[in-house]
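S.K.: The structure is given below, and queries will be raised subsequently.
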Number of protein chains: 2
Amino acid sequence: MQTHDIDYRSEAVNLRGYLAFDEKPARRRPGVLVFHEGLGLGDFVMARARRLAELGYVALAADMFGDRRQARNLQEVADLVGGLRNEPQTLRARGRAALATLAALPQVDANRIAAIGFCFGGSVVLELARDGADLKAAVSFHGVLTTRTPAASGKVKASVLVLTGADDPLAPPDQVRAFEDEMRAAEVRDWQIISYGNTLHGFTNPAADGSMMRTARYNEQADRRSWASMQNLFDEVLR
Amino acid sequence: MQTHDIDYRSEAVNLRGYLAFDEKPARRRPGVLVFHEGLGLGDFVMARARRLAELGYVALAADMFGDRRQARNLQEVADLVGGLRNEPQTLRARGRAALATLAALPQVDANRIAAIGFCFGGSVVLELARDGADLKAAVSFHGVLTTRTPAASGKVKASVLVLTGADDPLAPPDQVRAFEDEMRAAEVRDWQIISYGNTLHGFTNPAADGSMMRTARYNEQADRRSWASMQNLFDEVLR
């Protein structure tokens, strides 16, 4: 497997992504964007990118904060995430810059690209889907579901898969229901929501032990199930 | 594969189930109960029982109405289903009679039994789970989620999987949410809900074309996805 950093830009901001792919196949392969949590592009999403490369995808872990900035505490998370969520056009532009970067790679079949995201990254994925980005699938793992810019009718192209903890305070039942209503109103062609019982925020991340954020906690079962559901969807739409 | 009818009783009622299994393996295998829709035990669940037998399970399609009675129209469905839903103890007793019958078969490992159900059968499965039946998994396909007898805390042993159409008028969002609350209140160890967008009632049944019931309609994608999710859960808990 090859892994290396990859620089790209959105407006004046330098973004430093992380690419992972199996160098052996000669043919073009489906690509998967991986959007990081509020802490920034770190070990967690890099490991996920490598797992995707093992599955045969070309994976690009995107940098949403610029210069691969990492948050050191919850206040920095709130500042970085809040800044982007208050500027959905900037957020979408950065996401689209990652998509364009991945699509332009010689290993990648630009017609078969999906995006996944974790926590903050989940909301990035959904924003790209709402924006009508050319994605076959948009998969949110414990992402925030609310938006300032709901999908317009007929705009979403991606198959949408939301994987959420039933006890995640960042995606409470009212917001799940509002998201369903948004999908219906926008006549999204393909969407599904999986809700895992007894599951908090951050369930995919083994480092989530409740210490940094009381309501984020790893759940091995939900982690495994959600990854399998993502793979099932990719088998449908990326093969 | 062997298939044959199998008679059993609950109280004074004769129940005529349908058994399907691969006769080759000598060892005891996991068993799966299949509970029928409001129309009664017919071709649809018999075909599902055979699919389960192909997967290596001993499958018993249970008869909930007695003498394998079939409803001929919606009024008969309403009478048969309403009668049992108004008598949850009778409903649970008939479901338990099927469970005892399957568990007693020489081909079956009585410690590894799951139950699935469609429409009315989905609610039967959930009633058995609420009743604390010895099931490894309880899977409801477009089942009714409401109950007169909510689960008591700690009583549910089964891993619960609810597969529901987001536009199913028999399981509207308020009832899905109430079901989630029931699962939380009962401290059910393992539960998950999958909601399929653009999906009505009866999505697993190719015969559901909206003619008998306007709001029941086959959805090939949701059918395939829901069956795969059931298999994934069985791979976890029955192997």
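The values are calculated or read from the model by the stated rules, or taken from the named source; none is laboratory data. Every value quoted in this text rests on a predicted model; they were computed, and no experiment measured them. All Cβ positions, glycine included, derive from the backbone under ideal geometry; neighbour counts span all protein chains shown. Side chains are part of the model used for accessible areas, which takes the heavy atoms of the whole protein and leaves out ligands, DNA and RNA. Shrake-Rupley method; radii C 1.70, N 1.55, O 1.52, S 1.80 Å.
S.K.: Amide H neighbours of B:Val34 under 5 Å, counting only residues 5+ apart in sequence or on other chains, H built in-plane at 1.01 Å?
M.R.: B:Leu60, B:Ala61, B:Ala62, B:Ile116
S.K.: Regarding the protein assembly as shown, what whole-number volume in Å³ per residue does the convex hull of its Cα atoms give?
M.R.: Convex hull volume per residue, Cα atoms: 145 Å³.
S.K.: OK, next. Among the lysines, which fall within straight-line cross-link reach of B:Lys155, defined as a Cα-Cα distance under 28 Å, with same-chain neighbours fewer than 8 residues apart omitted?
M.R.: B:Lys136
S.K.: Report, as a whole number in µm² per second, the diffusion coefficient that Stokes-Einstein gives for segment B:55-164 at 10 °C and 1.306 mPa s using the Kirkwood radius over alpha carbon pairs.
M.R.: 111
S.K.: I'd like the Karplus ³J(HN,Hα) series for segment B:73-81: coefficients 6.51, -1.76, 1.60, θ = phi - 60°, whole numbers in Hz, and an x wherever there's a Gly or Pro.
M.R.: After applying 6.51 cos²θ - 1.76 cosθ + 1.60, I find 7, 5, 5, 5, 4, 4, 5, 5, 5 Hz.
S.K.: So what is the calculated 222 nm ellipticity per residue for chain B, using -39500 (n - 2.57) for each DSSP H run with n of 4 or more, over all residues, to the nearest 500 deg cm²/dmol?
M.R.: One gets -11000 deg cm²/dmol as the mean residue ellipticity at 222 nm.
S.K.: Same structure again: Can you give the net charge of the other residues whose Cβ lies under 13 Å from the Cβ of A:Arg148, counting K and R as +1 and D and E as -1?
M.R.: -1
S.K.: Summarise the partner chain shielding of B:186-195 as one whole number: the mean count of Cβ atoms from other chains within 10 Å of each residue's Cβ.
M.R.: Mean number of neighbouring Cβ atoms from other chains: 5.
S.K.: With an 8 Å cut-off on Cα pairs and a minimum separation of 6 or more residues, tell me the relative contact order of chain A in percent.
M.R.: 15
S.K.: Using modelled amide H (1.01 Å from N, peptide plane; none on Pro or chain starts), what sits under 5 Å from the amide H of B:Ala208, excluding residues fewer than 5 places away?
M.R.: Amide H neighbours of B:Ala208: B:Tyr218.
S.K.: Next up: Can you give me the long-range amide H partners of A:Ser159? Hydrogens built in the peptide plane at 1.01 Å from N, cutoff under 5 Å, separation of 5 or more residues or another chain.
M.R.: A:Ala137, A:Ala138
S.K.: I would also like to ask the following. Once a ≥ b ≥ c are taken as the square roots of the eigenvalues of the Cα gyration tensor of segment A:150-239, is the result rounded (a/c under 1.5), prolate (a/b larger than b/c) or oblate (a/b not larger than b/c)?
M.R.: Oblate, since a/c reaches 1.5 and b/c is not below a/b.
S.K.: How many partner chain Cβ atoms sit within 10 Å of a residue's Cβ in peptide A:176-183, on average, as a whole number?
M.R.: Average per residue, whole number: 3.
S.K.: Any idea what Rg and Dmax come out to for chain B if you just take the C-alpha atoms, in Å?
M.R.: Cα-based Rg and Dmax for chain B come out at 16.2, 47 Å.
S.K.: In addition: Of all accessible surface on chain A at a 1.4 Å probe, what whole percent is carbon and sulfur?
M.R.: Carbon and sulfur atoms account for 49 percent of the accessible area of chain A.
S.K.: Let me ask something additional. What ³J(HN,Hα) values, in whole Hz, does the Karplus curve 6.51 cos²θ - 1.76 cosθ + 1.60 give for segment B:225-239 when θ = phi - 60°, with x put for Gly and Pro?
M.R.: 5, 5, 5, 5, 5, 4, 4, 4, 5, 4, 4, 6, 10, 10, 7
S.K.: Nearest-to-axis residue of chain B, judged by Cβ, for the B-to-A rotation, with distance in whole Å?
M.R.: B:Ile194, 2
S.K.: Follow-up. Using every pair of alpha-carbon atoms in segment B:99-214, split the distances into 5 Å bins beginning at 0 and state the percent of pairs per bin, rounded to integers.
M.R.: 2, 12, 22, 23, 16, 12, 8, 4, 1
S.K.: While we're here: Once you average over the residues of A:217-223, how many Cβ atoms of partner chains fall within 10 Å of each Cβ?
M.R.: Per-residue shielding by partner chains comes out at 1.
S.K.: At a probe of 1.4 Å, how much accessible area disappears from chains A and B on forming the pair, both sides counted, to the nearest 100 Å²?
M.R.: Summed over both sides, the interface buries about 2100 Å².
S.K.: Could you give each residue of segment A:36-49 its phi-based ³J(HN,Hα) in whole Hz, using Karplus coefficients 6.51, -1.76, 1.60 with θ = phi - 60°, and x for Gly or Pro?
M.R.: Whole-Hz 3J(HN,Hα) from phi for segment A:36-49: 7, 6, x, 6, x, 5, x, 4, 4, 6, 5, 5, 5, 4.
S.K.: Over the Cα atoms, compute the radius of gyration (one decimal) and Dmax (the largest Cα-Cα distance, rounded to a whole number) for segment B:51-100, in Å.
M.R.: 13.2, 37
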